[in-house]
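What follows is a set of notes on a single structure, which appears directly below.
Nothing in this text is a laboratory measurement; each read-out follows from the coordinates by a stated rule. Predicted model, so just to flag it, every value in this text is computed and none were measured. Counting neighbours? That spans all protein chains shown, and the Cβs are built from the backbone with ideal geometry, glycine included.
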Amino acid sequence: MTTSLLVASPNAIVGFPAAMERLRDKGRALDVVEVAVCAVEDNPEDHTVGYGGLPNLIGEVELDALVMDGRTLAAGAVAALKSFRHPVSIARRVMEELPHVMLAGEGAACFAREVGFQEEDLLTGEALRIWRERLEAEGHSPEVSRYYAQMKGWARRFATDPEQAEQEWGTGVTGTVNVLARDTHGDLAVAVSTSGWAWKYPGRVGDTPIVGAGGYADNRYGAAACTGRGEMAVRAATARSLVLYLKMGLPLRDAAREAVLDLYALDDPYASTLNIVAMDAHGNHVGFSNRPEQRYIFQTAEMGAPAERPRVYVGPDGKAEERPL
Ligand code: ASP
């Protein structure tokens, strides 16, 4: 029997029940990943994705999303999209209805309106409070819009000590949802969605909507997706690299390790966490990271509930370590 399963970042758990129902119903991988990600986009408690996401430097929620169909290698993406809570579904419509792969900003919003998505304010009171408190704690009035020097300082602090930064700033500063699916037909798909780095420069686009950076799926070899400092995944084309390493014959764990090693080659003063989830064409799966103690989740159609797994940590010396949770 063909293994059908979901593999995801931990915050996707809210979308697993609906996505598993689809998967067990012999639904298509592409529908399954979209259903899972939509639930995360709806979750106001997740400050990294969709409705309730933390805003950019000037207080606007800007969203990025990608879908890719491993059967056809078709992809759709939106970037720096404001005021629509389901960028993943808009990305899918881009893929299905346009001769384009990605729309950004006002053009993406125009298309969303045209195909019937409703505009709404995505900034929740809680997200606004977190955003404002941090700016005030750092000695800036939220009305000031020229923050980029400050933002670079934050990015450096995050790179130096992410644990400390997360303690000070709270959760939601970084984060994204990744969902990979393999359906009963053996087809693969990936969906990725994020509000990006909180307090990011307006218009900044990370890895999430970029095919081959934030996500990639190819039925023949496998699928992968990333969370973390997107600029690194963009520069190393991390998701595509991993799938290409599979194509070149590496086993899944070696392919994922190579993809992390590529990140260490980047000369990057802001280098910080990058997490990867990946599966091969048979449904074997892994999570990898350049930061210890990270996790991912998965569920096969036969399992009653999702399970958590540690991500393999690859250090700068190239050693891969898997510590139990
Ligand atoms: N990868 C996302 C981005 O760079 C953010 C994150 O996952 O932390 O936009």
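Below are the figures for this structure:
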{"read-out": "Sorted peptide list for 268-278, 153-163, criterion being average Cβ within 10 angstrom, highest first", "value": "268-278, 153-163"}
{"read-out": "Mean projected area in nm² (Cα convex hull; one quarter of hull surface) for region 193-325", "value": "8.8"}
{"read-out": "Most to least packed among 310-320, 288-298, 192-202 [average Cβ atoms within 10 Å]", "value": "192-202, 288-298, 310-320"}
{"read-out": "Inverse of mean 1/r across different Cα pairs in region 47-123, Kirkwood, Å", "value": "12.4"}
{"read-out": "Net charge contributed by nearby residues that have their C-beta within less than 11 Å of Arg24 (K/R +1, D/E -1)", "value": "-2"}
{"read-out": "DSSP-defined antiparallel bridges as percent of all bridges, region 1-107, nearest 5", "value": "65"}
{"read-out": "Charge context of Gly76, other residues only, Cβ under 13 angstrom, K/R +1, D/E -1", "value": "-3"}
{"read-out": "Radius of gyration, Dmax [region 250-294; alpha carbons; angstrom]", "value": "11.5, 38"}
{"read-out": "Peptides 100-113, 230-243 ordered by average Cβ neighbours within 10 Å, highest first", "value": "230-243, 100-113"}
{"read-out": "Over region 53-122, relative contact order from alpha-carbon pairs under 8 Å, at least 6 apart, %", "value": "29"}
{"read-out": "Cα extents of region 120-259 along the three principal axes, largest first (Å)", "value": "53, 35, 25"}
{"read-out": "Label-to-label distance, nm, for residues given as Asp42 and Tyr264 (7 Å Cα→Cβ offset)", "value": "4.3"}
{"read-out": "Percent RCO, i.e. relative contact order, over region 282-324, from Cα pairs under 8 Å lying at least 6 residues apart", "value": "37"}
{"read-out": "Mean projection area, nm², convex hull over Cα of the chain", "value": "15.5"}
{"read-out": "Axial C-alpha extent at least 27 Å, average Kyte-Doolittle at least -0.5 - helices from the chain (DSSP)", "value": "none"}
{"read-out": "Efficiency of FRET from Cβ geometry, Arg129 and Ala159, R₀ 25 Å, rounded to 0.05", "value": "0.45"}
{"read-out": "In the chain, lysine pairs closer than 25 Å at Cα, eight or more apart or cross-chain", "value": "4"}
{"read-out": "Dipole magnitude (debye, nearest 20) for the chain, charges at Cβ of Lys, Arg, Asp, Glu", "value": "620"}
{"read-out": "Exposure proxy ranking, count of Cβ atoms within 10 Å, fewest first, for Ile210, Ile130", "value": "Ile130, Ile210"}
{"read-out": "Simple Cβ-charge dipole of region 1-71, Lys/Arg +1 and Asp/Glu -1, about Cα centre, in debye nearest 20", "value": "480"}
